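**Q** Dropping the structure in here first, questions after.
The values are calculated or read from the model by the stated rules, or taken from the named source; none is laboratory data. Owing to the predicted nature of the structure, the values given are computational and were not obtained by experimental measurement. FYI the Cβ positions are ideal-geometry reconstructions off the backbone, even for glycines, and counts take in every protein chain you see.
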């Protein structure tokens with residue numbers, strides 16, 4: 001984005017900032033086609049001798065941001081605002097008008113900023129999407145509140161969830177990870193549907209969610225948040241930043257204290273999971289204005305969490321692992337380390353190194369079943385980032401390695417004669433890979449081609465090709481197309497906690513191959529201006545075709561989950577239309593409709609996958625007073641009926657309808673702002689819709705028909721909440 005001011009000078013001068021106006025130190029300015037250049041100082045300003053002959057085009061670049069080409073003409077001073085690259089973004093999205101936006105990227109990337117995250121009581125990552133039509137946070141086990149983030153109606157395992165571009169939410173971290181990151185530590189979220197860049201790996205079949213924490217360079221010096229709801233749960237958050245000349249440090253601490261015992265159904269089971277959670281995150285960032293070629297950060301995080309659900313009389317200190325009183329208890333510890341280093345070789349080439357590692361230990365009890373899981377995961381990537389040619393052409397090429405060790409031990413502490421999957425399970429692999437990605441810009445078109453070549457152990461080398469095309473037909477019209485392949489390694493128990501939570505029989509094949517699928521998509525964004533009203537209309541269609549899918553089959557045998565390779569036809573078709581109106585900086589409104597077809601053809605019969613609604617509507621609106629002291633947010637969701645796993649051959653008392661009921665939900669929030677304080681409060685699920693008796697076989701939790709995975713709607717009912725934020729810049 002460029003702002004122009006005419007001045008009389010022999011040099012071309014200017015200032016380079018991000019979209020929030022923060023100066024970018026060490027940005028490179030060079031006359032296109034020459035070696036004449038300059039570098040911005042600590043205030044983001046530059047001065048470069050004027051070029052009087054030939055094409056007078058300045059190329060302005062900064063690591064992590066999209067390069068700008070400026071046709072200087074007769075303007076002597078430029079104010080240039082660079083827009084972040086969607087894969088290495090390092091800017092703030094906190095301005096009122098930037099609650100959500102689409103990134104200037106070849107892929108359709110929706111960016112959720114702090115203002116969007118704060119429009120609902122986003123106690124965790126999973127809660128950040130209550131106002132978003134692209135991502136759905138689904139509960140997979142109502143007793144422990146395990147959740148997954150779904151895109152295109154597919155299970156969350158097919159959606160790559162990244163933290164600062166690094167894979168930390170997978171394996172044992174998958175079912176509880178979306179709840180373990182507090183919303184107050186998240187600065188922005190990038191949501192991409194379908195095939196994306198190959199830089200982050202071979203996954204991302206249905207899409208990608210990349211969350212970025214607050215940065216030490218730009219975070220408030222002190223941020224405090226206290227939250228409480230009507231269920232008795234409280235949360236406490238503190239962020240503290242220390243800024244030095246070259247090193248900046250950010251510490252984030254989080255504490256959750258559990259809710260009270262609530263049982264509105266009178267089925268004996270708690271409606272609210274009791275959660276004790278503590279996490280600490282510390283990040284060091286190095287950026288020396290005098291040596292702008294070198295930038296790096298190093299971060300560590302530790303999580304300790306205990307979840308307790310089951311009968312209201314369950315006491316984990318007495319009843320855990322016994323048949324006296326039924327309960328489920330999950331205790332986990334996770335430590336992770338992440339590093340990212342950028343080294344600028346010259347004005348066109350940089351080397352980028354990414355490393356992430358986590359250790360996760362978990363001990364869980366599901367009635368008399370004990371589950372102990374231990375996982376170590378290390379992912380390393382190094383690549384060169386090279387700009388070439390006379391236009392914004394970019395080549396990235398490098399190496400990656402994924403190391404994973406997962407050991408799962410399932411024991412039955414008391415006899416369960418109808419179950420036979422007790423034992424030790426290992427999921428160990430090393431996946432080395434090589435990749436290259438080229439982005440080529442020609443006038444109105446941007447073409448990104450990517451290719452990975454990874455070795456999946458005994459399954460050999462696998463190719464992952466990707467193609468993304470953007471046609472920027474005008475300032476207000478964008479059309480994008482993408483197609484690509486994806487693979488993933490399945491972690492059966494870790495990613496399907498409902499298999500352990502219930503008492504279904506389980507049949508697992510011994511030769512599970514990597515899952516693989518092809519995804520293709522087409523989308524458009526059209527902007528309009530009507531007087532002072534800004535209107536955005538966007539739509540997309542995505543089609544996913546699996547060549548192998550490992551999805552537990554609940555219908556083939558009574559009360560049995562069959563886990564096997566499925567090489568037949570398995571398809572997801574997703575269509576979405578969204579319309580956003582910005583009436584003024586204080587007032588906006590958004591409406592979206594989703595149509596989903598997610599099915600497989602099994603022995604010639606089409607079967608819709610369970611728990612996927614065919615139709616969804618959502619709408620939200622936000623209004624604030626001109627001085628921004630008061631803000632009002634309203635969200636509406638309508639979810640259509642979903643197919644449920646078949647219970648036709650169950651005993652009559654445990655039979656359920658073939659489909660769920662449609663339902664709707666309305667949330668409302670008010671925020672009052674002062675200079676350093678904010679008070680916010682609201683109501684979720686105003687009309688108190690609840691799926692009653694969501695646990696199948698609750699009267700006999702140790703019987704073969706007990707299953708807590710049949711929840712298809714909200715089970716907690718109406719929630720009141722109140723919170724306070726304190727922030728010092």
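**Q** Out of 371, 386, I need the residue that is assigned to a strand (DSSP E or B), farther than 29 Å from residue 523 by Cα and over 23 Å from the mean Cα position of the chain (by Cα). Which one? Even if it seems obvious, please write down each step before you answer.
**A** Working: 386 fails: farther than 29 Å from residue 523 by Cα.
Going through 371, 386 in turn, the sole match is 371.
**Q** Identify the single condition in (1) out of contact with any strand residue (DSSP E or B) (no Cβ under 8 Å at 6 or more places or on another chain); (2) modelled with pLDDT of 95 or more that residue 346 does not satisfy, given that it satisfies every other one.
**A** Only one criterion is unmet by residue 346, namely (2).
**Q** Going through 592, 648, 658 one at a time, which residue ends up being free of Cβ contacts under 8 Å to residues at least 60 places away in the same chain and touching a strand residue (DSSP E or B) at 6+ places or on another chain (Cβ under 9 Å)? If you could, list the steps in order and put the result at the bottom.
**A** Working: 592 fails: free of Cβ contacts under 8 Å to residues at least 60 places away in the same chain; 648 fails: touching a strand residue (DSSP E or B) at 6+ places or on another chain (Cβ under 9 Å).
Result of the check over 592, 648, 658: 658.
**Q** Of the residues in region 316-334, how many are free of Cβ contacts under 8 Å to residues at least 40 places away in the same chain and over 25 Å from residue 173 (Cα atoms)?
**A** Residues flagged as free of Cβ contacts under 8 Å to residues at least 40 places away in the same chain and over 25 Å from residue 173 (Cα atoms) within region 316-334 amount to 4.
**Q** Another question, then. Which of the residues spanning region 338-368 are within 21 Å of the chain's Cα centre (by Cα) and surrounded by fewer than 21 Cβ atoms within 10 Å (Cβ to Cβ)?
**A** 339, 355, 357, 359
**Q** State all residues of region 146-176 that are touching a helix residue (DSSP H, G or I) at 6+ places or on another chain (Cβ under 9 Å), part of a loop (DSSP other than H, G, I, E, B) and either outside the structural domain of residue 595 (by TED's automatic domain parsing) or within 15 Å of residue 404 (Cβ to Cβ) (or both); if no residue qualifies, say none.
**A** Matches in region 146-176: 168, 169, 170, 174.
**Q** Considering only region 530-556, how many residues are in contact (Cβ under 8 Å) with a residue 12 or more places away in the chain, part of a loop (DSSP other than H, G, I, E, B) and over 21 Å from residue 495 (Cβ atoms)?
**A** The qualifying residues number 1.
**Q** Would you be able to tell me the number of residues in region 46-76 that are more than 24 Å from residue 440 (Cα to Cα) and surrounded by 17 or more Cβ atoms within 10 Å (Cβ to Cβ)?
**A** Applying the first criterion (more than 24 Å from residue 440 (Cα to Cα)) to region 46-76 yields 46-53, 73-76.
Cutting the leftovers down to surrounded by 17 or more Cβ atoms within 10 Å (Cβ to Cβ) gives us 46, 48, 51, 76.
Of the residues in that region, 4 qualify.
**Q** Let me ask something else about it. What residue, of 688, 707, 633, 664, is under 30 Å from residue 722 (Cα atoms), assigned by TED's automatic domain parsing to the domain that holds residue 616 and buried (at least 17 other Cβ atoms within 10 Å of the Cβ)? Write out each step before concluding.
**A** Values: 688 fails: buried (at least 17 other Cβ atoms within 10 Å of the Cβ); 707 fails: under 30 Å from residue 722 (Cα atoms); 664 fails: buried (at least 17 other Cβ atoms within 10 Å of the Cβ).
Only one candidate qualifies: 633.
**Q** Any residue at all in region 455-465 that's buried (at least 16 other Cβ atoms within 10 Å of the Cβ), in contact (Cβ under 8 Å) with a residue 40 or more places away in the chain and in a loop (DSSP other than H, G, I, E, B)?
**A** Yes, some residue in region 455-465 is buried (at least 16 other Cβ atoms within 10 Å of the Cβ), in contact (Cβ under 8 Å) with a residue 40 or more places away in the chain and in a loop (DSSP other than H, G, I, E, B).
**Q** Shifting gears a bit: Of the residues in region 314-368, how many are assigned to a loop (DSSP other than H, G, I, E, B) and more than 25 Å from residue 199 (Cα to Cα)?
**A** First, the residues of region 314-368 that are assigned to a loop (DSSP other than H, G, I, E, B): 314-315, 320-326, 345-348, 367-368.
Next cut, more than 25 Å from residue 199 (Cα to Cα) only: 314-315, 320-326, 367-368.
Going through region 314-368 one residue at a time, the tally reaches 11.
**Q** Give 59, 76 a once-over and let me know the one that is over 21 Å from residue 387 (Cα atoms) and modelled with pLDDT of 75 or more.
**A** Numbers: 59 fails: over 21 Å from residue 387 (Cα atoms).
After applying the criteria, what remains is 76.
**Q** Of 449, 427, 441, which residue is surrounded by 13 or more Cβ atoms within 10 Å (Cβ to Cβ), free of Cβ contacts under 8 Å to residues at least 24 places away in the same chain and either touching a helix residue (DSSP H, G or I) at 6+ places or on another chain (Cβ under 7 Å) or in the same structural domain as residue 559 (by TED's automatic domain parsing) (or both)?
**A** Numbers: 427 fails: free of Cβ contacts under 8 Å to residues at least 24 places away in the same chain; 441 fails: free of Cβ contacts under 8 Å to residues at least 24 places away in the same chain.
So the residue among 449, 427, 441 that is surrounded by 13 or more Cβ atoms within 10 Å (Cβ to Cβ), free of Cβ contacts under 8 Å to residues at least 24 places away in the same chain and either touching a helix residue (DSSP H, G or I) at 6+ places or on another chain (Cβ under 7 Å) or in the same structural domain as residue 559 (by TED's automatic domain parsing) (or both) is 449.
**Q** If you scan region 643-668, which residues turn out to be farther than 19 Å from residue 716 by Cα and under 28 Å from the mean Cα position of the chain (by Cα)? Before you say what the answer is, go through the steps one by one.
**A** In the first step, residues of region 643-668 are kept if they are farther than 19 Å from residue 716 by Cα; the result is 643-659.
Matches in region 643-668: 643, 644, 645.
**Q** Search region 382-424 for residues being under 30 Å from residue 558 (Cβ atoms) and free of Cβ contacts under 8 Å to residues at least 40 places away in the same chain, and hand back the single one that is surrounded by the most Cβ atoms within 10 Å (Cβ to Cβ).
**A** 409
**Q** While we're looking at this one, here's another question. Looking at region 261-291 only, could you name the residues that are touching a strand residue (DSSP E or B) at 6+ places or on another chain (Cβ under 6 Å) and in a loop (DSSP other than H, G, I, E, B)?
**A** Matches in region 261-291: 268, 270, 273.
**Q** How many residues are under 28 Å from the mean Cα position of the chain (by Cα) and over 30 Å from residue 707 (Cβ atoms) if we restrict to region 462-510? Spell out the reasoning first.
**A** Quick first cut of region 462-510, residues under 28 Å from the mean Cα position of the chain (by Cα) only: 462-472, 476-502.
If we keep only those that are over 30 Å from residue 707 (Cβ atoms) as well, we get 462-472, 476-487.
Matching residues across region 462-510 total 23.
**Q** Still on this structure, please answer the following. In the list 672, 643, 655, which residue meets the criterion of being surrounded by 17 or more Cβ atoms within 10 Å (Cβ to Cβ) and either assigned by TED's automatic domain parsing to the domain that holds residue 419 or closer than 27 Å to residue 148 by Cα (or both)? Lay out the reasoning, then the answer.
**A** Numbers: 672 fails: surrounded by 17 or more Cβ atoms within 10 Å (Cβ to Cβ); 655 fails: surrounded by 17 or more Cβ atoms within 10 Å (Cβ to Cβ).
The conditions single out 643.
**Q** Exactly one of these conditions fails for residue 687: (1) closer than 30 Å to residue 505 by Cα; (2) in a loop (DSSP other than H, G, I, E, B). Give me its number.
**A** (1)
**Q** A further question follows. Quickly run through region 223-259 and pick out the residues that are surrounded by fewer than 16 Cβ atoms within 10 Å (Cβ to Cβ) and at pLDDT below 95.
**A** Answer for region 223-259, where residues must be surrounded by fewer than 16 Cβ atoms within 10 Å (Cβ to Cβ) and at pLDDT below 95: 242, 243, 244, 245, 246, 247, 249.
**Q** So, residue 572, is that one within 29 Å of residue 110 (Cα to Cα), at pLDDT below 95 and in a strand (DSSP E or B) or not? Talk me through it step by step, then tell me what you get.
**A** Values: within 29 Å of residue 110 (Cα to Cα): yes; at pLDDT below 95: no; in a strand (DSSP E or B): yes.
Considered against the rule, which asks whether it is within 29 Å of residue 110 (Cα to Cα), at pLDDT below 95 and in a strand (DSSP E or B), residue 572 comes out as no.
**Q** Could you tell me whether region 593-604 includes any residue that is more than 30 Å from residue 492 (Cα to Cα), part of a strand (DSSP E or B) and out of contact with any helix residue (DSSP H, G or I) (no Cβ under 7 Å at 6 or more places or on another chain)? Before you say what the answer is, go through the steps one by one.
**A** First, the residues of region 593-604 that are more than 30 Å from residue 492 (Cα to Cα): 593.
Adding the requirement that they be part of a strand (DSSP E or B) leaves 593.
The next check asks that each one be out of contact with any helix residue (DSSP H, G or I) (no Cβ under 7 Å at 6 or more places or on another chain); those that pass are 593.
Among the residues of region 593-604, at least one is more than 30 Å from residue 492 (Cα to Cα), part of a strand (DSSP E or B) and out of contact with any helix residue (DSSP H, G or I) (no Cβ under 7 Å at 6 or more places or on another chain), which makes the answer yes.
Conditions (1) in contact with a helix residue (DSSP H, G or I) (Cβ under 6 Å, 6 or more places away or on another chain); (2) modelled with pLDDT under 80; (3) in the same structural domain as residue 229 (by TED's automatic domain parsing), marked per residue:
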{"site": "25", "(1), (2), (3)": "no, yes, no"}
{"site": "33", "(1), (2), (3)": "no, yes, no"}
{"site": "37", "(1), (2), (3)": "no, no, no"}
{"site": "66", "(1), (2), (3)": "no, yes, no"}
{"site": "70", "(1), (2), (3)": "no, no, no"}
{"site": "86", "(1), (2), (3)": "no, yes, no"}
{"site": "106", "(1), (2), (3)": "no, no, yes"}
{"site": "121", "(1), (2), (3)": "no, yes, yes"}
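**Q** While we're looking at this one, here's another question. Test of understanding: among 523, 527, 472, 510, which residue is assigned to a loop (DSSP other than H, G, I, E, B), in the same structural domain as residue 321 (by TED's automatic domain parsing), surrounded by fewer than 23 Cβ atoms within 10 Å (Cβ to Cβ) and on the phi < 0 side of the Ramachandran plot? Walk me through how you get there before you give the answer.
**A** Details: 523 fails: assigned to a loop (DSSP other than H, G, I, E, B); 527 fails: assigned to a loop (DSSP other than H, G, I, E, B); 472 fails: assigned to a loop (DSSP other than H, G, I, E, B).
Only one candidate qualifies: 510.
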